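The values are calculated or read from the model by the stated rules, or taken from the named source; none is laboratory data. This is a predicted model, so every value here is computed, not measured. Cβ atoms come from the backbone with ideal geometry, glycine included; neighbour counts cover every protein chain shown. Ligands, DNA and RNA are excluded from the accessible area calculation, which covers all protein heavy atoms including side chains. Shrake-Rupley method; radii C 1.70, N 1.55, O 1.52, S 1.80 Å.
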Amino acid sequence: MSAVPVTPPPVSADAVPAGAVPAGAGADAAVTPARPRLLYQPAEVRTGWRVLPTRMAAMCAVEIQKLRHDRTELYTRAVQPALWLLIFGETFTRLHAIPTGGLPYLDYLAPGIIAQSAMFIAIFYGIMIIWERDSGVLTKLLVTPTPRAALVAGKAFAAGVKSVIQAVVVVVLAALLGVSLTWNPLKLLGVAAAVVLASAFFSCLSICIAGIVLTRDRLMGIGQAITMPLFFGSNALYPVSLMPGWLRTISKGNPLSYEVDALRGLLIGTPSHLPLDFAVLAGAAVAGIAAASALLGRLAK
């Protein structure tokens, strides 16, 4: 009687100890280390643009936390819009010197002051970037896998959140002074969107200036030099039709004019060009993020 060869039972992968070569495995298996079994599989590390929502949320939360801990900035920044509405607005309402299509001048002025106060916050946002560079925070952010454009976008929209909080203060002031504003929730959301987009552009403009001049003092000087021309070269105080031709041309290229037009149409119902306004503001914000991202590395050197 001849002996029958016995086939060895298959060996499962679990039964093979780490680093051992199972019977019958080729030479390639000998160089491949066994993968340890983990009781908990960690979540996939997100990189690139997938981290943008979390970065934006984190930076917006930081801005809100700062305002919660120190509300002084919120109160002091409310003084200037209040003076514009109380003195300039009330006086020119009595003068009837500026044609506003039958609206009281204070109503016409209020959206312009909201846009102005939001711009004043965003236009000096580059100072915070310079402070982060001096304290080493910016260098740490740049070595993370987050793209620079995502970092800039997060900071730009964080400035937008700060501006929206300031805009709420000015809206409440205007309402207390008797300005006829809408309280439609959808229109108020549109107001917040316009403020955020415009603030994102102006904060990116500030980061670009910071990336060029590299110091806080120079940024402060340039910021103060361009703020009032942007304000007076827009439709915040008077209709575009009253401007001389050269100023009208500047107003058409000024993003603040499109923000004021959108706010005026949404808040007090004047004729506006909302699709064009939001398209210009969104395009300006994207262009600003791209330019600021290109200059962020120069600022960190």
| query | Where does each of Asp70, Asp217 land when they are ordered by accessible area, with a 1.4 Å probe and the largest first? | reply | Asp217, Asp70
| query | Sorted by average packing, counted as other Cβ atoms within 10 angstrom per residue and highest first, what order do 159-170, 76-87 take? | reply | 159-170, 76-87
| field | HN-Hα J in Hz across segment 133-146 - Karplus 6.51, -1.76, 1.60, θ = phi - 60°, x for Gly and Pro | value | 5, 5, 8, x, 5, 5, 4, 5, 5, 6, 8, 6, x, 6
| message | For the ranges 274-283, 58-67, what's the packing order if you count other beta-carbon atoms within 10 Å of each residue, average per peptide, and put the highest first? | response | 274-283, 58-67
| query | Near Phe120, within a Cβ-to-Cβ distance under 12 Å, what is the net charge of the other residues, with Lys and Arg +1 and Asp and Glu -1? | reply | +1
| Largest-first principal axis extents, alpha carbons of segment 228-278, Å | 27, 19, 18
| request: Using the structure shown, list the pairs from Lys155/Lys252; Lys155/Lys301; Lys140/Lys187 with a Cα-Cα distance above 31 Å, or answer none. | output: Lys140/Lys187
| Packing-based order for 124-136, 198-210, using average beta carbon neighbours within 10 Å, highest first | 198-210, 124-136
| Around Cys208, what is the net charge, scoring Lys/Arg as +1 and Asp/Glu as -1 over all other residues with Cβ under 14 Å from its Cβ? | +4
